[in-house]
Amino acid sequence: RSYEIIYIDDGSTDGSQKLCREFAQSNPHVMLVELRRHFGKAAALQAGFETARGEIIITMDGDLQDDAKEIPAFLEALDDDLDLVSGWKRDRQDPISKTLPSRFFNFVTSQLTGIPLRDFNCGFKAYRREVVENLDLYGELYRYIPVLANAKGFRVGEIPVEHRPRLHGKSKYSIERFFRGAFDLVTVLFLRNYQRRPLHLFGLIGVCIFLTGFAVDAFLALQWFLGLSSLSNRPLLIFGTLLITVGVQVLIFGLLAEMITAATYRRSEVTQSIRQVYRHDASEGR
């Protein structure tokens, strides 16, 4: 197979930039992409996707914990009618402070999205070109690439891969990333389910809040009409009115989001979602 190897230098300070530059100058199959500073993994992946020219793109982290001998297995899995194949570090060689939160997030993500993967955030992945052309990575959404791809209709699978102990560099994992991962999951679930119909989410929330406030105020009004109580000095009345106001505001927010969605909708997105067209050949049988 023809191939190219693309190194992404995301503000590295360990001297690998110079080494990769020498590789690129001496080998026509090697390319180095240098970012202006450290922008994060999402930007590095997006830069690689924009630069790659192949029909199949394989990504690997630079910590040497993945083994390139797994590449033929990824190519074979893609031949099984998949669009994206994610690695599964079945025997992960990391401390429990990383593996335990990872297992929790993978389980929660799988349950909430219905995608039966066991390692969403594994950096060892293989993509068909049309997948990366439809991904917009920013922030730290790279953790949920299989979810984003599945939301666009691509077929996602998983294969087990060997994972080696880390010998060089230092892990960037911290408790802060645990919470960022939770926020990113909420973002991905919203984009997956309500990106093109935000009113379905905000409208439901707004109506529920409004009806709750209306029921509270209606109950107080009924008591007042029956002479059972006075409306003066009733904190519950203020609470019910507040719920009605908040409910209306959330509903209006959903309508504004719907207007933005309609204004930014592109008909070409529907064309991009077509996997293949089967048509009867009228010339047959002539």
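The values are calculated or read from the model by the stated rules, or taken from the named source; none is laboratory data. Please read all numbers here as calculations on a predicted model, not as lab measurements. Methodologically, a virtual Cβ is constructed for each residue, glycine included, from the backbone with ideal geometry; neighbour enumeration extends over all protein chains shown. Note: accessible area is taken over every heavy atom of the protein model, side chains too, but ligands, DNA and RNA are not part of it. Shrake-Rupley method; radii C 1.70, N 1.55, O 1.52, S 1.80 Å.
Here are a few things to note about the model shown:
- Every residue from region 69-100 that is closer than 18 Å to GLY181 by Cβ and either assigned to a helix (DSSP H, G or I) or not assigned by the TED database to the domain that holds ARG129 (or both): ILE96, SER97, LYS98, THR99, LEU100
- Selection from region 2-17 of residues that are open to solvent by 90 Å² or more (accessible area, probe 1.4 Å) and closer than 18 Å to ALA44 by Cβ: THR13, ASP14
- Within region 149-163, considering residues that are open to solvent by 10 Å² or more (accessible area, probe 1.4 Å) and within 15 Å of PHE49 (Cβ to Cβ), the one modelled with the lowest pLDDT: LYS152
- Residue match in region 37-48 (condition: at pLDDT below 90, surrounded by fewer than 16 Cβ atoms within 10 Å (Cβ to Cβ) and within 29 Å of ARG92 (Cβ to Cβ)): yes
Here is a yes/no grid of residues against (1) at pLDDT 90 or above; (2) closer than 17 Å to LEU185 by Cα; (3) not in a helix (DSSP H, G or I):
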{"site": "LEU137", "(1), (2), (3)": "no, yes, yes"}
{"site": "TYR142", "(1), (2), (3)": "no, yes, no"}
{"site": "VAL147", "(1), (2), (3)": "yes, yes, no"}
{"site": "PRO165", "(1), (2), (3)": "no, no, yes"}
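- Residue list for region 95-133, restricted to those being of a type in the set (Ser, Thr, Tyr) and more than 30 Å from ARG53 (Cβ to Cβ): SER97, THR99, SER102, THR109, SER110, THR113
- With respect to the conditions (1) open to solvent by 30 Å² or more (accessible area, probe 1.4 Å); (2) closer than 24 Å to VAL156 by Cα; (3) outside the structural domain of GLY153 (by the TED database), ARG103 lacks only one, and its number is (3).
- Test set (1) outside the structural domain of ARG92 (by the TED database); (2) part of a strand (DSSP E or B) - ILE159 fails condition number: (1)
- Of all residues in region 185-231, those that are closer than 30 Å to GLY139 by Cβ and either in a loop (DSSP other than H, G, I, E, B) or of a type in the set (Val, Ile, Thr) (or both) total 8.
- Criterion: of a type outside the set (Phe, Trp, Tyr), on the phi < 0 side of the Ramachandran plot and surrounded by 15 or more Cβ atoms within 10 Å (Cβ to Cβ) - qualifying residue of ILE96, ILE115: ILE115
- A count restricted to region 118-135 and to residues that are open to solvent by 20 Å² or more (accessible area, probe 1.4 Å), assigned to a helix (DSSP H, G or I) and closer than 18 Å to ILE8 by Cβ stands at 1.
- Neighbours by Cβ (under 7 Å, 6+ apart or cross-chain): first from region 228-250, surrounded by 11 or more Cβ atoms within 10 Å (Cβ to Cβ); second in a loop (DSSP other than H, G, I, E, B) and of a type in the set (A, V, I, L, M, F, W, C): LEU237/LEU231
- Some residue of region 234-244 being of a type in the set (S, T, N, Q) and at pLDDT 70 or above: yes
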